[in-house]
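Below is one structure, written out as structure tokens; the observations come after it.
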Amino acid sequence: MTEPSAGAVIIEGKTKVVHEVIGDPNRVLVVNKDRITAGDGARAHDLEGKAVISNATNGKVFAFLRKAGIKTAWLETYDGKAYLARKCHMVPLEWVTRRVATGSFLRRHVGVTEGYRFTPPKMETFYKDDANHDPQWSEEQVIEAKLKVGGVVIGRHEYDIMARTTVAVFEVLERAWASLDCALIDMKIEFGIDAETNDILVSDTIDSDSWRLWPAGDKRLMKDKQVYRNLETVTDEALCQVKRNFQWVADKLDSFISTPKGLAIVLMGSTSDMEHCEKIRDHCKKLDVPCELRVTSAHKGTQETLAIIAQYEGLGIPVVFIAVAGRSNGLGPVTCANTCFPVINCPPLKPEEAARDIWSSLSLPSGMGCGTVLYPEAAAQSAASILALSDYLIWSRIRVKQLNLWISLKMADLKVCQNN
């Protein structure tokens, strides 16, 4: 494939330039500038090296969002200062999510104490209009404006999808930053309508201009652009400190795509159940849950079953056991009685034996608490939910899976409405 080359300028903003890609009408090349601005451009300075840092930050954030399953316009990093993205018609709105009340929210809501925590997160929209300082728009204003973006009119369905996606993006990034003992206070994102498919995509750049970050939840340690906004006098040393903060953020993001911290172990009583177990493993893979299959019988090889359990207990990582056994299910209860890790029964049901097989998993001796599910997907989902308590990437995959299921229903409803 020919290396993409920059074509004509589509649009130029304060901190980046968007080019066509020669010979490819569906992609653009976004080039960052060594420029930092605040207050709708009222304050602006050259900051050598910012473009490279912003591009690296953006690439790492979008790689993580893609890993989590969020649909985005970002494709790949092109070079030190630029990245390739799907060509989109940009929705002229900024979508802001807040976990903690600070900044402009306090000015607009007199009487709210700084530090007030929003549960669930607070979502706001602002119409992009520099001349009027990006006025806040309510949900009703956005829908009534009937903004036409490409071939799509932004109505109820489109608003709902963007609003729900905005909060999901915040939550998965918040979870990841929390694993590094850093609080994501608030952030803004933008959406575009894919010029080819009309899909709604998270677009534009996400870098240190996009959020507030407080290490250890301490505002005094902030590492975001607010440091630049707060400067009474902009000196070379102050700009160097801002740049060092931005680099700190980019470096921390290297930890976002982490090595999985846990395992799902599928214990099957017989290789005759292999197809059922492979389905569990396939569903685990979709949620980024590492999964291993083992064959052991609690009735016929009790000591070997106990040895396998001990092997995984000795790894020093979170483990979930999934017991697959029909007829008389001794595998789940025996495993549960001999480990402190969670155990899930998922018997390979046959219609003529279903009632017996389920009862053998449900009727447990006292002192045991392994759960029972009937389908491979449910077993994988249950294991993932348990491991998500200690692995933010698995948590993010579950969160985005919920979002995408909701969006699929929303789009199905839209098609039905259009055909009424």
Self-check item: Among the listed pairs Lys33/Lys87; Lys219/Lys243; Lys87/Lys410; Lys148/Lys188; Lys33/Lys122; Lys33/Lys286, those beyond 26 Å (Cα-Cα)
Solution: Lys33/Lys122; Lys33/Lys286
Quiz item: For the residue pair Ala412 and Lys67, what label-to-label distance in nm results when each label sits 7 Å from Cα along the Cα-to-beta-carbon direction?
Solution: 3.1 nm
Quiz item: Among (1) 24.2; (2) 22.4; (3) 23.3, which is the computed Kirkwood radius over Cα pairs in Å?
Solution: (1)
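Expressed as a whole percentage, what fraction of the accessible surface of the range 261-363 belongs to carbon and sulfur atoms when a 1.4 Å probe is rolled over the protein heavy atoms?
Details: 2690 of 4960 Å².
Accessible surface attributable to carbon and sulfur in the range 261-363 totals 54 percent.
Take every DSSP beta bridge with both residues inside the chain and express the antiparallel ones as a percent of the total, to the nearest 5. Display every interim value, and only then the final one.
Numbers: 49 of 66 bridges.
Percentage antiparallel, nearest 5: 75.
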Quiz item: What are the semi-axes of the equivalent ellipsoid for the range 306-416, taken as the square roots of 5 times the Cα gyration tensor eigenvalues, largest first, in whole Å?
Solution: 30, 21, 9
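Taking only protein heavy atoms into account and a 1.4 Å probe, give the accessible area per residue of the chain in Å².
Details: 20050 Å² over 420 residues.
Each residue of the chain exposes 48 Å² on average to a 1.4 Å probe.
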Exercise. Hey, can you grab everything whose amide H is under 5 Å from the amide H of Ile344? Only 5+ residues off in sequence or another chain; H modelled, so Pro and N-termini drop out.
Key: Phe321, Ile322, Ala323
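In terms of the Cα gyration tensor, with a ≥ b ≥ c the square roots of its eigenvalues, is the range 195-263 rounded because a/c is under 1.5, prolate because a/b exceeds b/c, or oblate? Spell out each step's value before the answer.
Working: a/c = 2.57, a/b = 1.38, b/c = 1.86.
Oblate, since a/c reaches 1.5 and b/c is not below a/b.
Could you work out what % of the accessible surface of the range 102-218 is carbon and sulfur, using a 1.4 angstrom probe and leaving DNA, RNA and ligands out of the count? If you can, show how the numbers build up before the last one.
Values: 2430 of 5150 Å².
Ligands and nucleic acids excluded, carbon and sulfur reach 47 percent.
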Practice problem: Return, in residue-number order, each cysteine of the chain whose C-beta is not under 4.7 Å from any other cysteine's C-beta. | Solution: Cys88, Cys182, Cys240, Cys277, Cys340, Cys346, Cys417
Quiz item: Which lysines, on any chain, are close to Lys350 with Cα under 17 Å apart, when same-chain ones fewer than 8 places away are left out?
Solution: Lys279
Quiz item: Which of these, Arg356, Arg108, Arg294, has the largest mean-square fluctuation under a Gaussian network model of the chain (Cα springs below 10 Å)?
Solution: Arg108
Practice problem: Please build a GNM for the chain, connecting alpha carbons under 10 Å apart, and tell me which residue among Val18, Val152, Val112 fluctuates the most. | Solution: Val112
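How large is Rg/Rh for the range 278-334, to two decimals, with Cα atoms and a Kirkwood Rh? Mind showing how you got there, number by number?
Numbers: Rg = 12.3 Å, Rh = 12.5 Å.
Over the Cα atoms of the range 278-334, Rg/Rh equals 0.98.
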Quiz item: Excluding ligands and nucleic acids, what accessible area in Å² is computed for Thr233 using a 1.4 Å probe, to the nearest 10?
Solution: 100 Å²
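The values are calculated or read from the model by the stated rules, or taken from the named source; none is laboratory data. Nothing here was measured: the structure is a model prediction, and the numbers come from that model. When we count neighbours, we look across all protein chains shown, and the Cβ atoms used for this are built from the backbone with ideal geometry, even at glycine. Just so you know, the surface numbers come from the protein's heavy atoms only, side chains and all, with ligands and any DNA or RNA stripped out. Shrake-Rupley method; radii C 1.70, N 1.55, O 1.52, S 1.80 Å.
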